[in-house]
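**Student:** Please find one structure pasted underneath; my questions will follow.
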Amino acid sequence: MTSSSETIDASVAGTWKLGDLTVNRIGFGTMRLPQDGPAFAQGDSSDRGRAVRVLRRAVELGVNHIDTAAFYFSPLRSANELINSALAPYTDDLVITTKVGPGRDPSGEWIWADPDQLRGQVEENLRQLGRDHLDVVNLRIARTHTSSSVAEHFGALAELREAGLIRHLGMSNTSPEQLAEARAIAPVVCVQNMYGIGSPPEHHALLRHCGEQGIAFVPFYAIAGAGREAGATTADGEAVLTVARNHGATPTQVRLAWTLHQGPHVLAIPGTGNPDHLTENVAAGALRLTADELALLAA
């Protein structure tokens, strides 16, 4: 599979709608783009020219859904600025999804916005991306606040949606209760939560619930798993390696394909600064797993 992956377009995985915006189910995440090494480590900044080439190559390969955030930056690079430089003026079919809630000061220290500070974060994304509105904005919930009310924060974003600064809203790192609370305020087009092979039953349940409600489920760390920001840090299990050998694919491709097989509403946003890895990630959309292989991976 990998030998011919350069000919595979992102459309091979099919499409889904984020509200009224149609996207190919294989997208691109920019979290790792501004730096070399682990995300948010404030280490060496990435090579700017290579990052721009990766973004342009992603679009050439049919990617029309890009995930970003204003807090994706290194000392010399900003994911939003890289997107702007590489892809503006934007094509009509390109959907850029960003997220607000967290922020980072110039030293990289994390801060969390109060409801009345969310407009400033939205406007920061607008300035950096060079847009007059944002396609999709996810409210990112802190890991320690997944049982807290989101009404004030999500209500503030709903007001910005009514004002025309935001087209569609989503939730990130959310719980079923928070999702229900948000949906009572305004439509939610996507949920972006940690998910992948080996996820616990409650994560599978939320994925299924989103599908029943017509909400896109967009996993993060589908490849990295417990490695989170640092990337994949553990060896792949025998099941993943067996399926990869069956298809002449890489373990990363198997993980992405397994994710996409969880439902037509599931989108993938793998990120990389490596052009070869980008091509392999897009090609994973063409990998069709059998029922026996899916059962093996689920076990």
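The values are calculated or read from the model by the stated rules, or taken from the named source; none is laboratory data. Just so it is clear, the model here is predicted, and its values are computed rather than measured. Note that we place each Cβ from the backbone using ideal geometry, even for glycine, and neighbour counts take in every protein chain shown. Just the protein is used for accessible areas: all its heavy atoms, side chains included, with ligands, DNA and RNA removed. Shrake-Rupley method; radii C 1.70, N 1.55, O 1.52, S 1.80 Å.
**Student:** When residues of the range 178-192 are filtered for being part of a loop (DSSP other than H, G, I, E, B), under 25 Å from ALA222 (Cα atoms) and in contact (Cβ under 8 Å) with a residue 60 or more places away in the chain, how many remain?
**Tutor:** Going through the range 178-192, the residues part of a loop (DSSP other than H, G, I, E, B) turn out to be 184-189.
Those still in the list that are under 25 Å from ALA222 (Cα atoms) too: 188-189.
Next, only the ones that are in contact (Cβ under 8 Å) with a residue 60 or more places away in the chain stay: 189.
Qualifying residue count for the region: 1.
**Student:** Would the range 261-269 turn up any residue that is polar (S, T, N, Q), open to solvent by 10 Å² or more (accessible area, probe 1.4 Å), under 30 Å from ARG50 (Cβ atoms) and touching a residue at least 40 places away in the same chain (Cβ under 8 Å)? Before you say what the answer is, go through the steps one by one.
**Tutor:** Filtering the range 261-269 for residues polar (S, T, N, Q) gives 262.
Remaining after also requiring open to solvent by 10 Å² or more (accessible area, probe 1.4 Å): 262.
Going one step further and asking which of them are under 30 Å from ARG50 (Cβ atoms), we end up with none.
Looking for residues that are polar (S, T, N, Q), open to solvent by 10 Å² or more (accessible area, probe 1.4 Å), under 30 Å from ARG50 (Cβ atoms) and touching a residue at least 40 places away in the same chain (Cβ under 8 Å), one finds none in the range 261-269, hence no.
**Student:** While we're looking at this one, here's another question. Scan the range 196-225 for residues that are of a type in the set (Phe, Trp, Tyr) and touching a His at 6+ places or on another chain (Cβ under 8 Å) and jot them down. Lay out the reasoning, then the answer.
**Tutor:** Residues of the range 196-225 that are of a type in the set (Phe, Trp, Tyr), as a first pass: 217, 220-221.
Passing the criteria: only PHE217.
**Student:** Right, something else. Show the residue pairs meeting these rules: Cβ distance below 7 Å; 6+ apart or different chains; first residue within the range 135-162 and under 22 Å from ILE66 (Cα atoms); second residue buried (at least 18 other Cβ atoms within 10 Å of the Cβ) and basic (Lys, Arg).
**Tutor:** If the second residue must be buried (at least 18 other Cβ atoms within 10 Å of the Cβ) and basic (Lys, Arg), the pairs left are VAL137/LYS99; ASN138/LYS99; ARG140/LYS99.
**Student:** Got a number for residues in the range 144-177 being assigned to a loop (DSSP other than H, G, I, E, B) and of a type in the set (A, V, I, L, M)?
**Tutor:** As a first pass, look at the range 144-177 and keep what is assigned to a loop (DSSP other than H, G, I, E, B): 146-150, 163-165, 173-175.
Filter once more, so that each one left must be of a type in the set (A, V, I, L, M): 150, 163, 165.
The qualifying residues number 3.
**Student:** A further question follows. Are any residues in the range 17-31 assigned to a loop (DSSP other than H, G, I, E, B), crowded, with 24+ Cβ neighbours inside 10 Å and out of contact with any Pro (no Cβ under 9 Å at 6 or more places or on another chain), and if so, which ones? Give the derivation first.
**Tutor:** Residues of the range 17-31 that are assigned to a loop (DSSP other than H, G, I, E, B), as a first pass: 19-20, 25, 27, 30-31.
Next, only the ones that are crowded, with 24+ Cβ neighbours inside 10 Å stay: 27, 30.
Across the range 17-31, the qualifying residue is only THR30.
**Student:** Please give the number of the condition ILE223 fails out of (1) crowded, with 20+ Cβ neighbours inside 10 Å; (2) within 16 Å of TRP258 (Cα to Cα); (3) at pLDDT 95 or above.
**Tutor:** Just one mismatch for ILE223, condition (3).
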